[in-house]
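First comes the structure, then the notes that go with it.
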Amino acid sequence: GAVVSQHPSRVICKSGTSVKIECRSLDFQATTMFWYRQFPKQSLMLMATSNEGSKATYEQGVEKDKFLINHASLTLSTLTVTSAHPEDSSFYICSAWALENTIYFGEGSWLTVV
Amino acid sequence: LAKTTQPISMDSYEGQEVNITCSHNNIATNDYITWYQQFPSQGPRFIIQGYKTKVTNEVASLFIPADRKSSTLSLPRVSLSDTAVYYCLVGDLDQTGANNLFFGTGTRLTVIP
């Protein structure tokens, strides 16, 4: 199947700083990518939909100024957590729409804010 | 919104066939049904996708009745490595982006030796 890669897989940052997570589709072009957040033993929660060349669409309750999403090319979307706080610590997962309504997920990125 | 409902958890012995059913009563005409497997600290992995009737690949089968209000993922002869959370995702992608791409609770499958 199609490959979606996230980087970094794990990151620790200090409270108040910003951290960027990259999501790349390696063998296909993705006009649409998605960002999810997952807490331990819970389901994935959709944060936003990222469309190449346009502004991301955020789900209700997700602060767009805190979670900046940029989809600058057909193979790359980035999520920047700005002014991170300990409560932002979570597992962040991206996915990309490939073909025929099939969505493939990245490996996920663990963010720890200390 | 095609909300999905799955059993929270299931146990099975090694070597048995496991069937996990997902209910999606409000499925829309353009919605596809996709199943994913997730291990701890990993992103979900695509298992199988279907629109109607039966689909089979090298790892699983997917049964979808005519009314499409439910679907059943069938895993033949499970092994310990199949212990994971299984999600069914019902949704549609049109030219404007994603619709209804929300995950339900998932089913935590535990395979027992």
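The values are calculated or read from the model by the stated rules, or taken from the named source; none is laboratory data. Keep in mind that this is a model prediction, so the values were computed, not measured. Here the Cβ is made from the backbone with ideal geometry for all residues, glycine too, and neighbour counts use every protein chain on show.
Observations, loosely collected:
- Matching residues, region A:53-75, being under 14 Å from the mean Cα position of the chain (by Cα) and touching a residue at least 24 places away in the same chain (Cβ under 8 Å): A:F67, A:I69, A:H71, A:T75
- Any hit, region B:66-81, residues being closer than 30 Å to A:P8 by Cα, surrounded by fewer than 16 Cβ atoms within 10 Å (Cβ to Cβ) and either touching a His at 6+ places or on another chain (Cβ under 7 Å) or at pLDDT 95 or above (or both): yes
- None of A:K64, A:K55, A:K41, A:K20 is out of contact with any helix residue (DSSP H, G or I) (no Cβ under 8 Å at 6 or more places or on another chain) and at pLDDT 95 or above except A:K20.
- The number of residues in region B:9-40 being hydrophobic (A, V, I, L, M, F, W, C), part of a loop (DSSP other than H, G, I, E, B) and within 11 Å of chain A (Cβ to nearest Cβ) comes to 1.
- Pairs with Cβ under 7 Å, 6+ apart, first in region A:27-47 and within 11 Å of another protein chain (Cβ to nearest Cβ) and over 12 Å from A:S90 (Cα atoms), second part of a loop (DSSP other than H, G, I, E, B) and among the charged types (D, E, K, R): A:T31/A:E52; A:L46/A:E59
- Some residue of region A:90-104 being within 17 Å of B:G43 (Cα to Cα), free of Cβ contacts under 8 Å to residues at least 60 places away in the same chain and under 15 Å from the mean Cα position of the chain (by Cα): yes
- Qualifying residue in region B:41-55 (condition: part of a loop (DSSP other than H, G, I, E, B), within 14 Å of another protein chain (Cβ to nearest Cβ) and farther than 17 Å from A:I103 by Cα): yes
- The residues on offer are A:T78, A:T112, and the sole one that is hydroxyl-bearing (S, T, Y) and within 13 Å of chain B (Cβ to nearest Cβ) is A:T112.
- Test: residue in region B:57-69 that is polar (S, T, N, Q), touching a residue at least 40 places away in the same chain (Cβ under 8 Å) and assigned to a strand (DSSP E or B): no
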